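Scroll down for the structure; my scribbles are underneath it.
The values are calculated or read from the model by the stated rules, or taken from the named source; none is laboratory data. Just so it is clear, the model here is predicted, and its values are computed rather than measured. Backbone-built Cβ (ideal geometry, glycine too); neighbour counts: all protein chains shown. SASA here: full protein model, heavy atoms, side chains in, ligands and nucleic acids out. Shrake-Rupley method; radii C 1.70, N 1.55, O 1.52, S 1.80 Å.
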Amino acid sequence: MGKQEILDKLRDTIVTQDINGCAAATQEAVDAGISAVEAIEGGLSVGMKIIGDKFEAAEIYLPQIMMSAKAMNAAMEILTPILANEKAGEGVGTAITFVQEGDIHDIGHRLVSTMLGANGFKIVDLGVDVPNDTILAEVKKLQGNKVILVGSALMTTSMLGQKDTVAALVEENLRDSVKIMFGGAPVSDGWIAEIGADATAENAADAARVALGLMK
């Protein structure tokens with residue numbers, strides 16, 4: 001089986017929520033010499049993007065998303081140790097990743113954290129439903145380092161909290177010490193400009209590229 005066929009198979013196991021099949025296809029990819037980053041970017045991430053689009057279009061619902069996430073997790077159990085060895089970049093910076101307060105949708109968040117780690121970022125994962133105080137405390141702790149804040153929100157209501165996060169950083173004179181990237185279905189370039197953040201990204205693979213660009 002060719003490389004593209006294996007990547008397509010990975011994509012399809014995510015889309016069809018095939019947990020066992022995803023783990024098997026991931027092992028197949030590794031055995032075929034496909035790098036962990038490539039398996040994520042060219043297969044798993046593509047599948048999650050399709051699932052995200054279907055969810056936005058109300059073609060599927062939360063239970064299917066959760067099953068796709070489980071398939072993704074099965075793949076990541078195999079790929080995470082490999083990613084640690086591959087280390088695509090060294091000393092890029094620290095990414096503080098989190099899901100905005102009031103939001104517990106962590107699929108995209110986990111995928112982005114994984115992709116950033118695969119691209120050489122040190123990851124500080126604050127988890128879901130994260131209040132601004134926690135974010136500010138972490139930024140203060142890392143002052144003097146190259147830091148990017150990477151927040152996600154799947155709901156419009158939690159997206160509004162991103163504005164408060166930027167405002168809180170400004171108030172504490174911390175805004176200039178970090179780059180800020182926000183993502184999630186409702187987030188647009190217009191919103192990023194309005195709240196004074198630095199960037200957004202369409203998907204996890206794109207997030208890694210954008211983050212690397214911001215840290216230059």
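Per-structure values
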| item | result |
| --- | --- |
| Qualifying positions in segment 145-178 - open to solvent by 70 Å² or more (accessible area, probe 1.4 Å), touching a residue at least 24 places away in the same chain (Cβ under 8 Å) and farther than 17 Å from Asp125 by Cβ | Lys146, Thr156, Thr157, Lys163, Asp164, Val170, Glu172 |
| Residues located in segment 35-51, provided they are assigned to a helix (DSSP H, G or I) and open to solvent by less than 50 Å² (accessible area, probe 1.4 Å) | Ala36, Val37, Ala39, Ile40, Gly42, Gly43, Leu44, Ser45, Gly47, Met48, Ile51 |
| Residues of segment 6-34 that turn out to be open to solvent by 40 Å² or more (accessible area, probe 1.4 Å) and over 17 Å from Met48 (Cα atoms), as a count | 7 |
| Search result, residues across segment 123-134 that are open to solvent by 40 Å² or more (accessible area, probe 1.4 Å), over 19 Å from Ala208 (Cβ atoms) and in contact with a strand residue (DSSP E or B) (Cβ under 9 Å, 6 or more places away or on another chain) | Val128, Asp129, Thr134 |
| Of all residues making up segment 92-122, the number that are touching a strand residue (DSSP E or B) at 6+ places or on another chain (Cβ under 7 Å) and in a helix (DSSP H, G or I) | 6 |
| Residues of segment 192-213 satisfying the condition of being of a type outside the set (Asp, Glu), surrounded by fewer than 17 Cβ atoms within 10 Å (Cβ to Cβ) and either part of a helix (DSSP H, G or I) or touching a Gly at 6+ places or on another chain (Cβ under 8 Å) (or both) | Ala193, Arg209, Gly213 |
| Subset of segment 165-184 that is in contact with a strand residue (DSSP E or B) (Cβ under 9 Å, 6 or more places away or on another chain) and in a helix (DSSP H, G or I) - its residue that is nearest to Gly213 (Cα to Cα) | Ser177 |
| Segment 52-73: number of residues that are more than 11 Å from Asn203 (Cβ to Cβ) and part of a helix (DSSP H, G or I) | 15 |
| Residues of segment 183-216 that turn out to be farther than 18 Å from Ala95 by Cβ and under 13 Å from the mean Cα position of the chain (by Cα), as a count | 1 |
| Sole residue being of a type in the set (D, E, K, R) and modelled with pLDDT under 90, chosen from Glu41, Glu5 | Glu41 |
| Residue under evaluation Ile78, criteria (1) modelled with pLDDT of 90 or more; (2) surrounded by fewer than 20 Cβ atoms within 10 Å (Cβ to Cβ); (3) under 30 Å from Ser158 (Cβ atoms), criterion not met | (3) |
| Residue under evaluation Ala137, criteria (1) at pLDDT below 85; (2) aliphatic (A, V, I, L, M); (3) open to solvent by 30 Å² or more (accessible area, probe 1.4 Å); (4) not in a loop (DSSP other than H, G, I, E, B), criterion not met | (1) |
| Unique residue being within 29 Å of Gly43 (Cα to Cα) and either at pLDDT 95 or above or not hydroxyl-bearing (Ser, Thr, Tyr) (or both) when the list is Gly196, Gly108 | Gly108 |
